[in-house]
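The values are calculated or read from the model by the stated rules, or taken from the named source; none is laboratory data. Please read these numbers as outputs of a predicted model, since none were measured by experiment. Ideal geometry is used to build each Cβ from the backbone, glycine not excepted, and the neighbour counts take in all protein chains shown. We work out accessible area using only protein heavy atoms, side chains counted, and drop any ligands, DNA or RNA first. Shrake-Rupley method; radii C 1.70, N 1.55, O 1.52, S 1.80 Å.
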Amino acid sequence: MPIPQDQQIPLVDRLTELSGGSYPPETRRKYFISGPQWAYAYEGQALFHAPTRNAVPFEEVIRALGEIGVPWWTTHDTDVIPTDHLMTDRQAETVDRIRSALQQHGVRCSMVTCETFHHPVFAASAAAEAPEVRAYAARRLSNVVEIGHDLGAGFAVYWPGTLGYMIQGAIDETQTLRWFADGINAACARDIAVAEERGRGTLKHCLEAKPFEPVSQIILPSSDAMLAFIGSGLLTHPEMVGLNPEYLHELMWGAACRAALARALVCGKLWHFDINDGYPLKHDVDLGVGLVNPLDWLNVLILLRSHGYEGPFNLDFKPPRTTSNHGVFKISFPTAVDRFITLWEIAGEAVEDPVIQEAGAALKAGGGAPAVAGADEIVTANRELLSLHELIAHRLFQILIGQHRGRVFG
Ligand code: GCO
Ligand code: MN
Ligand code: MN
């Protein structure tokens, strides 16, 4: 029996309800989860893809986040302010409207980010050869810092989308890196001045890497490259600059996201985290968190819980083109938040799990070969203990699916 159009929303709503397992908005608000304007309002367009959904203005996104219980909102400058209104009085009018929408719906702005990849002015990146492009980029970055302070944000993110090339040889990469640093330095300098004027702290400036897209070769393709850049000596205020890794961007180049996060953690630079899902060595499909790699996600969250990460989790995903505007509100956002919360809580159980704790402690205690033992003696002393690596992995699977609480199959 075909489902007539007027019965489709009731059907979707009923089946979503039947799925159960959703958290009330008050519970969702306890987590540092942010909803990006661009994710919610994404119309489904891409290189070969026409839009499949209608545009959603920020008032509607902020209202929806408030209702769902996503406590924080994030935005690019041009998601909400047309390029030609930026840095004019019309910008201030929009910022005022944003402030009242946030207040009205009990949502706060945690992060602002500068669009330096979509407009044709950034065709050769924000660190292009022409000095006027770079001067314009520095103004745009400084302006984003001001918008951040206007909206009470604590973080600014920079994803340098076109900092790279399709065709090698025309640019000198070392020069591009210096020019890119000039832009970040301008943002930090403006931040210091504005923070002082307004009696606020400075923002945390977070660099986000993606290995490719939209250009084929990116000059800073991974979080590790960003860490090297922060430590390169090119930044005037490296202490103000950290990372916003994105789960899928690390997967895209074949990394273990958990190991990439660990490297950021030991550098004290894991400040902000874009959460989503997808596949290794493929395009940036930006699926909702936990839809592809729930076990890997559990492991990521165990690492973050174990090391006291307290930064934001930014839902940087793209609702699929097959989802309608109603579906974005009813399914995409609430279920992404709920899968994150569930995985976070399961990670808490894994950290406390007696089997994992005892196995981990035994591995660290070792088999007790004397300190001066030879290689063969050490192998013999540890032989049976090392099987616990596989047992821990199995236990994590059990915890993921609830077998540790007695859930049985068959
Ligand atoms: C991507 C990027 C973006 C950035 C955003 C912040 O998937 O293409 O992650 O979504 O996070 O542009 O600057
Ligand atoms: Mn991102
Ligand atoms: Mn992405």
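Under the criterion of Cα pairs below 8 Å and six or more residues apart, the relative contact order for the chain equals 14 percent.
The accessible surface of the chain, taken with every protein chain in place and a 1.4 Å probe, is 57 percent carbon and sulfur. For the stretch 149-207, trypsin sites (Lys or Arg not before Pro) are listed when DSSP marks them as loop and at most 15 other Cβ atoms sit within 10 Å of their Cβ; the list is Arg200. Take the alpha carbon gyration tensor of the stretch 90-182, find the square roots of its eigenvalues, order them as a ≥ b ≥ c, and report rounded if a/c is under 1.5; if not, report prolate when a/b exceeds b/c, else oblate. Prolate, because a/c is 1.5 or more and a/b exceeds b/c. Adding -39500 (n - 2.57) for every DSSP H run of four residues or longer, then dividing by how many residues the chain holds, sets the calculated 222 nm ellipticity at -14500 deg cm²/dmol. At a probe radius of 1.4 angstrom, the accessible area of the chain per residue rounds to 48 square angstrom. Specify the longest stretch of the chain that does not include any exposed loop site, a site being one of the GluC sites (Glu not before Pro) with a non-H, G, I, E, B DSSP assignment and at most 10 other Cβ atoms within 10 Å. Looking at the chain, 1-309 is the longest stretch - no exposed GluC sites (Glu not before Pro) with at most 10 other Cβ atoms within 10 Å. Once the chymotrypsin sites (Phe, Trp or Tyr not before Pro) in DSSP loops with at most 11 neighbouring Cβ atoms within 10 Å are cut out of the chain, the longest remaining piece is 49-408.
The residues neighbouring Pro71, those whose beta-carbon lies less than 13 Å from its own, together hold a net charge of +2 under the Lys/Arg +1, Asp/Glu -1 convention. Ignoring lysines fewer than eight residues from Lys330 along the same chain, the ones with Cα atoms less than 29 angstrom from its Cα are Lys30, Lys282, Lys318. The accessible-area ordering, largest first, of the residues Val56, Val61, Val372 stands as Val372, Val56, Val61, per a 1.4 angstrom probe.
Around the Cα centre of the chain, unit charges on the Cβ atoms of Lys, Arg, Asp and Glu (plus for the first two, minus for the last two) sum to a dipole of about 480 debye.
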